[in-house]
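The values are calculated or read from the model by the stated rules, or taken from the named source; none is laboratory data. Predicted model, so just to flag it, every value in this text is computed and none were measured. FYI the Cβ positions are ideal-geometry reconstructions off the backbone, even for glycines, and counts take in every protein chain you see. All accessible areas refer to the heavy atoms of the entire protein, side chains included, with ligands and DNA or RNA removed. Shrake-Rupley method; radii C 1.70, N 1.55, O 1.52, S 1.80 Å.
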2 protein chains.
Amino acid sequence: MKIRQNLIPVYYRLAEDIRLAIESGKLKDGDMLPTEGQLGENYGISRMTVRQGLSLLAEAGLIATVKGKGTFVTRLRLNKLVIDLHQNADGNPFRYRLVGVKLGREDHEAVRQLGLTAGAKVILLKRLLYQNEQAVAVEEKWLPYLRGKPLLETQLEYADFPEVVAKHQDSVPVRNDAILSVGSLSVEQAALLGEEPGSPALLIRQVIYSRDDQPLGISYMVCHKERFQLKATSYSAISR
Amino acid sequence: MKIRQNLIPVYYRLAEDIRLAIESGKLKDGDMLPTEGQLGENYGISRMTVRQGLSLLAEAGLIATVKGKGTFVTRLRLNKLVIDLHQNADGNPFRYRLVGVKLGREDHEAVRQLGLTAGAKVILLKRLLYQNEQAVAVEEKWLPYLRGKPLLETQLEYADFPEVVAKHQDSVPVRNDAILSVGSLSVEQAALLGEEPGSPALLIRQVIYSRDDQPLGISYMVCHKERFQLKATSYSAISR
DNA sequence: GAGTGGTCTAGACCACCTT
DNA sequence: AGGTGGTCTAGACCACTCG
């Protein structure tokens with residue numbers, strides 16, 4: 001005879017119990033949890049179900065399992081932060097406006113980094129990022145030109161950089177490496193943002209790679225230093 | 001009679017097979033995978049084992065399961081990037097050097113944000129971040145003063161901000177919110193970094209919270225614009 | 001009602017660690 | 001040798017979706 005609480009899975013409640021014990025300080029960094037068998041007995045559930053609960057905590061970085069030894073509380077890694085390039089620090093998403101498309105053999109650092117054979121054509125896209133009718137950043141993207149893979153206007157107005165690359169390429173994008181730094185506005189960028197040329201700006205340089213580490217696209221974002229702030233957080237909830 | 005390949009778990013090979021199918025383009029965004037039952041038959045394994053493999057892919061963001069409908073390929077979310085404040089863009093970790101400790105009732109934006117009662121004491125720590133014998137950033141940290149929770153010199157020289165907070169506080173730090181922006185060097189900061197006062201710099205403002213959203217510490221990092229670049233990546237491998 | 005993923009069981013054997 | 005987590009089974013019932 002079994003009584004089943006359908007609303008909340010048992011493994012989830014186990015995970016919540018342990019999470020609260022950790023966050024309240026009852027379980028401290030390095031402490032060993034009861035063994036999976038013991039937890040199963042305590043909750044009257046099978047070991048596989050215990051493991052399902054513990055896997056949630058491990059995913060969130062709250063515990064670490066060591067084969068042959070046990071399961072231990074780990075201090076949260078709060079140095080690892082997640083940024084979402086979709087949105088500004090206030091949580092609002094961006095609008096895009098295309099301000100230029102060029103097709104040809106540009107001479108630019110990005111073109112060389114795309115690793116193209118000499119004379120290959122590249123596409124250069126310039127977009128303005130808007131928020132509340134105000135320009136907040138300029139984005140310049142380089143993509144290798146592929147015949148039979150037209151760029152659709154709608155994509156260019158709405159899709160973000162990884163999405164544009166995904167739609168335009170045959171290869172599947174699997175990685176995006178970015179570097180954040182500080183630079184200054186070019187004359188053209190300053191005009192688009194309504195700022196003084198040379199004034200400081202946040203730079204975000206993205207390179208999107210395929211599985212075999214071929215660069216599929218490069219993006220330079222130049223962000224207005226007051227209107228664009230990047231938010232990053234360590235937040236990692238346990239789900240389900 | 002069973003033949004067991006001990007080196008690589010079956011669920012892992014299942015996950016790798018599907019991952020390669022996705023990354024090579026054989027399975028496209030939105031495609032439905034075979035059902036869990038079918039995959040189990042194909043590989044001659046039980047459904048729970050299939051699910052274990054699929055959970056790896058779901059964790060990495062390659063697939064999404066929908067109850068009652070099926071399992072579907074999802075385009076990787078390459079907008080979400082992870083930054084590691086432990087290290088510079090070149091992958092080398094930092095060294096810290098304490099350049100000042102103050103205990104008292106400071107008047108600063110950070111103190112108000114700590115939500116302390118009027119007149120409560122705060123600790124102000126100033127550290128220099130070094131790399132290859134070169135100062136790359138200045139860090140200023142505010143913590144509420146707690147009696148009986150001394151700050152150890154060794155921690156201050158080696159631990160990063162979340163670790164210092166964890167050691168000094170009774171409450172458990174559970175979240176770190178950061179904002180990245182562009183600012184300029186104060187006279188003191190410029191002197192420490194050997195730069196001109198007022199020259200642009202990357203600002204990283206971190207606030208560490210407890211479970212009940214109490215701020216436990218605030219950190220301002222001011223980074224030399226050539227010597228300090230932040231690396232961010234979307235990379236998410238499947239493990240085990 | 002048929003098909004799907006979600007939860008859960010009560011076992012089994014294995015690999016690893018400690019004593 | 002005994003304890004731990006890691007892998008895996010062959011079922012079961014549930015909740016959800018769709019025709």
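Of all residue pairs spaced 6 or more apart or on separate chains, those with beta-carbon atoms under 8 Å, a first member in the stretch B:16-41 that is open to solvent by less than 50 Å² (accessible area, probe 1.4 Å) and a second member that is among the aromatic types (F, W, Y) are B:G30/B:F72; B:L33/B:F72. Of all residues in the stretch B:25-47, at least one satisfies being within 13 Å of chain A (Cβ to nearest Cβ), farther than 29 Å from A:D213 by Cβ, assigned to a helix (DSSP H, G or I) and over 32 Å from the mean Cα position of the chain (by Cα).
Against the condition open to solvent by less than 40 Å² (accessible area, probe 1.4 Å) and farther than 28 Å from B:G61 by Cα, how does A:L180 come out, does it pass?
no
Pairs linking a residue in the stretch B:149-160 that is of a type in the set (S, T, N, Q) to a residue that is open to solvent by 90 Å² or more (accessible area, probe 1.4 Å), with Cβ atoms under 8 Å and 6 or more positions apart or on different chains, are B:Q155/B:K167. A single member of A:R19, A:R51 is within 30 Å of the chain's Cα centre (by Cα), at pLDDT 95 or above and more than 14 Å from DNA strand D (Cβ to nearest atom), and it is A:R19. You will find that of A:L57, A:L33, the residue that is in contact with a strand residue (DSSP E or B) (Cβ under 8 Å, 6 or more places away or on another chain), closer than 19 Å to B:A166 by Cβ and more than 9 Å from DNA strand C (Cβ to nearest atom) is A:L57 and no other.
Can you find a residue that is at pLDDT 85 or above, within 14 Å of chain B (Cβ to nearest Cβ), under 21 Å from B:G183 (Cα atoms) and out of contact with any Pro (no Cβ under 7 Å at 6 or more places or on another chain) anywhere in the stretch A:163-179? There is at least one residue in the stretch A:163-179 that is at pLDDT 85 or above, within 14 Å of chain B (Cβ to nearest Cβ), under 21 Å from B:G183 (Cα atoms) and out of contact with any Pro (no Cβ under 7 Å at 6 or more places or on another chain). When the residues of the stretch A:213-240 are filtered to those that are more than 9 Å from chain B (Cβ to nearest Cβ) and charged (D, E, K, R), the one that is farthest from DNA strand D (Cβ to nearest atom) is A:R227. Mind checking whether some residue in the stretch A:91-109 is closer than 28 Å to A:R227 by Cβ and touching a Ser or Thr at 6+ places or on another chain (Cβ under 9 Å)? Checked against the condition, which is being closer than 28 Å to A:R227 by Cβ and touching a Ser or Thr at 6+ places or on another chain (Cβ under 9 Å), the stretch A:91-109 yields no hits at all. Taking the condition of a type in the set (A, V, I, L, M, F, W, C) and either within 16 Å of DNA strand D (Cβ to nearest atom) or open to solvent by less than 20 Å² (accessible area, probe 1.4 Å) (or both), does B:L62 pass? For B:L62, the condition - of a type in the set (A, V, I, L, M, F, W, C) and either within 16 Å of DNA strand D (Cβ to nearest atom) or open to solvent by less than 20 Å² (accessible area, probe 1.4 Å) (or both) - is met.
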